[in-house]
């Protein structure tokens with residue numbers, strides 16, 4: 001730990017090797033709770049940067065990282081090796097799997113689910129109220145659900161309850177109003193399917209390397225970056 005300006009409430013368990021920036025608050029009691037009432041656990045190796053506030057009742061895995069000024073509300077489940085970027089907000093009762101990357105200025109409302117390996121670009125907005133302020137709106141909140149490996153481009157908006165399929169790709173600025181099938185690319189407003197992720201050279205190369213990591217160097221006598229540019233999707 002590197003600062004004497006942070007505040008850690010009672011009943012917080014902070015793993016070994018944690019680094020806390022200035023003005024970090026961990027274990028903030030939510031409305032209706034008293035300090036220390038809800039246990040908060042953060043695994044080893046955390047890097048929690050300045051002005052981040054983590055409410056009580058969160059369970060967070062190892063190697064957790066935040067940018068500056070991140071807000072994480074209560075009662076969330078966050079896995080190992082998760083990164084949440086500067087000024088992003090995670091509301092309560094959100095589930096975030098292992099190795100999820102959330103970039104800066106992202107909003108994740110209540111009841112959102114991000115499964116393992118999902119990736120969320122900067123300024124993405126998830127929503128959970130289909131008809132805000134309508135009767136029963138609060139009782140029917142449903143956040144979006146990202147299946148493993150789903151990727152959301154910058155400035156996209158996801159409507160309540162949509163499911164983004166495994167390894168699917170949502171293009172920058174898209175407005176997603178319906179579920180996205182596994183392995184598809186969607187763009188536009190409203191978002192529509194334009195191709196398979198498998199048709200994108202960069203992802204084809206990724207799968208090729210996963211299948212046989214030594215194949216590229218062996219065939220071309222050099223590293224991956226020695227391949228022709230078109231093979232790298234550039």
Can you name the condition, by its number, that residue 213 falls short on among (1) modelled with pLDDT of 60 or more; (2) in a loop (DSSP other than H, G, I, E, B)? (1)
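Residues are listed down the side, and each one gets a yes or a no for (1) crowded, with 19+ Cβ neighbours inside 10 Å; (2) at pLDDT 95 or above; (3) within 12 Å of the chain's Cα centre (by Cα); (4) under 17 Å from residue 83 (Cα atoms):
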residue: 128; (1), (2), (3), (4): yes, yes, no, no
residue: 136; (1), (2), (3), (4): no, no, no, no
residue: 154; (1), (2), (3), (4): no, yes, no, yes
residue: 161; (1), (2), (3), (4): no, yes, no, no
residue: 165; (1), (2), (3), (4): yes, yes, no, no
residue: 170; (1), (2), (3), (4): yes, yes, no, no
residue: 174; (1), (2), (3), (4): yes, yes, no, no
residue: 177; (1), (2), (3), (4): no, yes, no, no
Kindly indicate whether any position in the stretch 188-208 is over 18 Å from the mean Cα position of the chain (by Cα), modelled with pLDDT under 60 and outside any strand (DSSP E or B). yes
Do you know which residues across the stretch 23-81 are part of a strand (DSSP E or B) and within 14 Å of the chain's Cα centre (by Cα)? 60, 65, 66, 71, 72, 77, 78
Criterion first (surrounded by fewer than 22 Cβ atoms within 10 Å (Cβ to Cβ) and over 19 Å from residue 103 (Cβ atoms)) does residue 24 satisfy it? no
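The values are calculated or read from the model by the stated rules, or taken from the named source; none is laboratory data. All figures in this text were calculated on a predicted structure; none of them were measured in a lab. Because the Cβ atoms are built from the backbone with ideal geometry, glycine has one as well, and the counts that use them run over all protein chains shown.
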